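The values are calculated or read from the model by the stated rules, or taken from the named source; none is laboratory data. Every value quoted in this text rests on a predicted model; they were computed, and no experiment measured them. Don't worry about glycine lacking a Cβ; one is built from the backbone with ideal geometry, like all the others, and counts go over all protein chains shown.
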Amino acid sequence: MERFINTILIGISGGSIYGLMALALVLVWRSTRVVNFAQAGQAILSTYIGYVVISHTNNYWLAFPVAVISGALIGALVDILLIRIMVKRAHQGPVAAIAPVIATLGLLGLIRAVVGLIWGGDLRQFKLPVTNHGFTFGHTTIPFAPINLLIVVITFLVMLIFALIFQRTNLGLALRASAYQPEIARLSGIRVDLTRTIGWAFAGSAGAIAGILVTPTNYLAPNSLDLLLVSGFVAAVIGGLESLVGAAVGGLILGIGLAFVLEYVSSSLAFPAAFMVLIAVLLVKPAGLIGSKRSRNA
Amino acid sequence: MLRKNGGRNQLRANLIFIAIGIVLFLVSNRVDELRVYQGATVAVYVVAISSIILLTGYSGQISLGHGALMAVGGYAAVLSRNDWHAPVWLSFVVAVLAAALFGAILGVAAGRLSGPYLAGTTLALAVGLPSLANQFSVLGGEQGLNYDVGQPPLSLGQDFTQYHWYFWIAGLAALVMTWLVHNVLGSRYGRNWRAARSNPTAAALAGIHIGRSKILAFTISAGIAGLAGALLAMTLSLVTPSAFPLALSFAIVTGAVLAGVTLLTGSIVGAVVLVAIPELTDALATHLGGSERVTANLPGLMMSALLIVSVLFFPNGPRLFRR
Amino acid sequence: MFGLRRTRRAVLASATLAAGALALTVLPAQAFNAHTEVGVSATQIKLGITIPLTGIAAPGYNKIPSAMNAYFNYVNDNGGVYGRKISLVVKDDAYLPTQAVNKTNELILKDKVFAVVGALGTANNIAVARSVNLGRRGIPSLFVNTGYSGFANTKAYPSTFALFPSYIMEAKIMGQYLKENFAGKKLGLIYQDDDFGSDALAGFKQAGVKFDVSVPYASGSQSAQTAQGWVGKLKSAGAEVVVMFGVTTASGAALATSAALGYKAQWILGSVGGDATTLKAVGVPPYVLTGAIGASFLPAPTDTSDEYISFFQGINAKYNGGVTFDNNVLVGMNTAMMTVEALRAAGSNPTRAKLISALETKGSSFASASLSPIGYAKGVHVGYTGYWFGQYNSAGELKPVGGAYSVYTTDSGTGAIVKSTYKRPALPTNGLPSN
């Protein structure tokens, strides 16, 4: 029983990170209809910027906002410099429709190479903001530590803030309107381009939060978030790719599921298992467990 | 009239293939061993890129996971050779069939998906599949399995090295496969794919079963990727999960896009560029007195930059190669 | 959308690029050198190494090439080897066998090195030997940085020279230590699931040690997350003594995670994953390491009373930017010194064949920092054969159990474990071999 609860706790902590990455993918998907594979690159660059702050000030809580703001700026820049042009050309020729996806792939490679050039390929370690020494009850220490609690709490707050923005503000309304009916949104005076850029900035900051939260429990390298990208994608698909709540729930389902596979089956099965989950969801319930019933051929 | 013209084109294409074969054969005997080895790598990429050209350029589907399909082919070839003592050519055939079968299963799932879903699913495949080899001891773990295509026949002379042998086998396989793909693309299926890609509604009205057509394209593309995997395993003399990293999947997409994804001849240009970029950047890095850091990252930087530039400005391939 | 001219210019640019690439591909490689052997000129001997500089296994090992270069530069500044300066081409293989094969091909075809020296990793060296086929081509691979017992098999690897004692020897000697010191305790084992680990399993079996729980891990899979699984298994099996047979990042993950989970055990670290500096660098709290047992065949890098250590520390300060002098730096410099001795032994007109035969006939008398004898002989490519045990103090220094180094030697077969009486040759004058 103790092992069972521990596994769920580990899963919630891991799933929170997946949920944040899924959120970043969903935000971009809703605004641009592109799965942004560069998200892992944007997040790693933001995290390295956070790393620079930490190595100079030794202060995680200063690095955190710096990374989040960098993430937002990088996201906005990517949209303005690259995606805006691609979206406008999306209807020219047979391959142009999938060109934005390939462009984000190129961007992922580009950012990784730049990060490698600046910081090299060595693994780097973050100072922990709070201890990773598991909570102790009497004589038993559980695998759930203050650092894991921090991840869960911050993820919850971020989700809450995004939910408030989307449901309670004009900006949120504009974001939703441009996502579903760009033409009508444009006619009703919403600056669709600007709104999309804001969507990319939000996504960039969500990815950066995922990066800077997960790195202290792991290590930092130019490709250390690649697997997170895949988990985030799977979580987003579980959640239906359209819904913010879906991203969060998808992350938790995947996180807990993987924790059980790791704990009870085998530690090297994590990614094959994630893939199986993905295929299963796509075959059985292609609209996601939470998503709308719309076709996937959008 | 049209038919006759087509026949002449076909003849011309066949002659070109034979001519390329002869030129390659002559060149391979006159260049340095390093170039021969790189030539073998080019041949592997030619096959891999043509699988993407068929899938993306003709059928309009995108895959970021062809490295995983290459892994299926590579492991199938190695297992058939090591466990059943299959001759080399047969192990290649097994590679094609195994990868095609895998592709067909995936295609059934993929046929219901498009754009982002397919891209993400194949990406997950590329990340997840090779690590499966660590799970089953028959696949040899991270250390991999040996793949021995044997020594070159003695009749080719003492100076005929293993690398020449690889080049000949890979070159011949690439030529044959390109010829086959060329013919498939020119057939009814190729036309159906293009029709379904350009205007699915019209194609469906014209009686083309869009889903089935996509699955067929994915299956054939996977089979070709399987051959590329077997050839790659041959040039390395082994298969390991690390032979099929995510970077490989990205590289072949890059090669396909760089060369203009809608034309088969582009596969050669793409393959040469993929092999030449590390070479060029290496020279550049040495010239700049670069550190390991520069040498390690410059190829990726250049390749990604080229990829972005080409999708930004020539999403359908450079005019030069476009039909 | 964009003008025709721009298109044309871009097409021209891409065509030029493609043409340039083609031209480069068919250019003849550098003109063939008139000298007798590949990689040897009148002024230079070119050597190569593949080693992880990036990736999960890199921490620690990435210090080895610069340590080797530091010693080579010192020798070069003092006249080189028979007037030739040594140059070392370093290639990053990221601890991936495929990458090792590719990079070794580059070393041989493009850089045209005389020999490969200190190539790291069991799986990598096996892949390279099979694929690049160094043996059949007579290309020496000296002092491979792995203890896989198979490399001493001169039939399978005729041009490869093992240097480190084999993992079988290490496990046998460690097995005896376990039986003498921890009889009746519950034993656990973490090992890398490839030939590195299978060697260890063979050695423990030979020594008659049975583990109550053993946890294999796939090379490259080590992380804080996977380590939770390892520690969970050890914990639920109640292991009191845990042997760690993996690379440093794996033992780092195991130690750090067991600290986080409040799991306490007597740790015994194999020589591969026991470098204290690297362990600290990958986030192991020092208190976890204190009291752990470690095995080594070299003197402790912190033991300045050892003449080799103090000499190498001097080289480190002068030629290596004064990086932290740890086991990796020591291994790098020791390998470099033995390389210089091997090159000298091959004579003033070295060939690959001469190098191999010189090592076989003279290698066992080389001066080296190791406290273990060297086993090289005609047809025998076994290097060191012995280990000593130490305990980490709170400063992370490995102190010999019982105060003085007591080295035990054995073989990779059924041979007995004996206390060594080997007397190491003194450091050559100024650390410059004159053999």
Considering segment A:119-145 alone, what residues qualify as being more than 22 Å from the chain's Cα centre (by Cα) and not in a loop (DSSP other than H, G, I, E, B)?
A:Trp119, A:Thr136, A:Phe137, A:Thr140, A:Thr141
Subset of segment C:263-272 that is surrounded by fewer than 24 Cβ atoms within 10 Å (Cβ to Cβ) and among the small types (Gly, Ala, Ser) - its residue that is nearest to A:Met1 (Cα to Cα)
C:Ala265
Looking at the structure I just gave you, is C:Asn181 free of Cβ contacts under 8 Å to residues at least 24 places away in the same chain and more than 14 Å from chain B (Cβ to nearest Cβ)?
yes
Have a look at B:Thr201, B:Thr219, B:Thr235 and point out the one that is out of contact with any Leu (no Cβ under 7 Å at 6 or more places or on another chain) and facing another protein chain (nearest Cβ under 10 Å).
B:Thr235
Regarding segment C:271-278, can at least one residue be identified that is part of a helix (DSSP H, G or I) and among the charged types (D, E, K, R)?
no
Tell me, please, whether a residue that is buried (at least 23 other Cβ atoms within 10 Å of the Cβ) and outside any helix (DSSP H, G or I) can be found in segment A:240-255.
yes
Quick check: is even one residue across segment C:225-244 on the phi > 0 side of the Ramachandran plot and crowded, with 19+ Cβ neighbours inside 10 Å?
no
A:Thr195 being part of a helix (DSSP H, G or I) and over 18 Å from the mean Cα position of the chain (by Cα):
yes
Of the residues in segment B:256-300, those that are more than 10 Å from every other protein chain (Cβ to nearest Cβ), more than 15 Å from the chain's Cα centre (by Cα) and surrounded by fewer than 19 Cβ atoms within 10 Å (Cβ to Cβ) come to B:Leu284, B:Thr286, B:His287, B:Leu288, B:Gly289
Counting only residues in segment C:396-412 that are surrounded by fewer than 16 Cβ atoms within 10 Å (Cβ to Cβ) and touching a residue at least 12 places away in the same chain (Cβ under 8 Å), the one nearest to C:Tyr148 (Cα to Cα) is identified as C:Ser406
Just checking, how many residues over segment C:375-394 are out of contact with any Leu (no Cβ under 8 Å at 6 or more places or on another chain) and either part of a strand (DSSP E or B) or surrounded by fewer than 18 Cβ atoms within 10 Å (Cβ to Cβ) (or both)?
8
Here's a check for you: in segment C:41-80, which residue that is more than 23 Å from C:Ala123 (Cα to Cα) and surrounded by 24 or more Cβ atoms within 10 Å (Cβ to Cβ) is nearest to the other protein chains (Cβ to nearest Cβ)?
C:Ala67
Any residue in segment C:252-262 that is crowded, with 24+ Cβ neighbours inside 10 Å, modelled with pLDDT of 90 or more and closer than 30 Å to C:Ala426 by Cβ?
no
How many residues does segment C:208-232 hold that are in contact (Cβ under 8 Å) with a residue 40 or more places away in the chain and more than 14 Å from chain B (Cβ to nearest Cβ)?
1
Please enumerate the residues belonging to segment A:196-214 that are at pLDDT 90 or above and of a type outside the set (A, V, I, L, M).
A:Thr197, A:Gly199, A:Trp200, A:Phe202, A:Gly204, A:Ser205, A:Gly207, A:Gly211
For segment B:133-172, give me the residue count where each residue is of a type outside the set (Ser, Thr, Tyr), within 17 Å of C:Ala127 (Cβ to Cβ) and either out of contact with any strand residue (DSSP E or B) (no Cβ under 6 Å at 6 or more places or on another chain) or more than 9 Å from chain C (Cβ to nearest Cβ) (or both).
11
Residue among B:Gly60, B:Gly67 that alone is within 14 Å of chain A (Cβ to nearest Cβ), within 27 Å of A:Ala274 (Cα to Cα) and either touching a Cys at 6+ places or on another chain (Cβ under 7 Å) or part of a helix (DSSP H, G or I) (or both):
B:Gly67
If we scan segment A:32-52, do we find a residue that is charged (D, E, K, R) and part of a helix (DSSP H, G or I)?
no
Within segment B:99-218, which helices (runs of 4 or more DSSP H) (wholly inside it) include 1 or more residues that are of a type in the set (Phe, Trp, Tyr), touching a residue at least 60 places away in the same chain (Cβ under 8 Å) and surrounded by fewer than 21 Cβ atoms within 10 Å (Cβ to Cβ)?
B:162-186
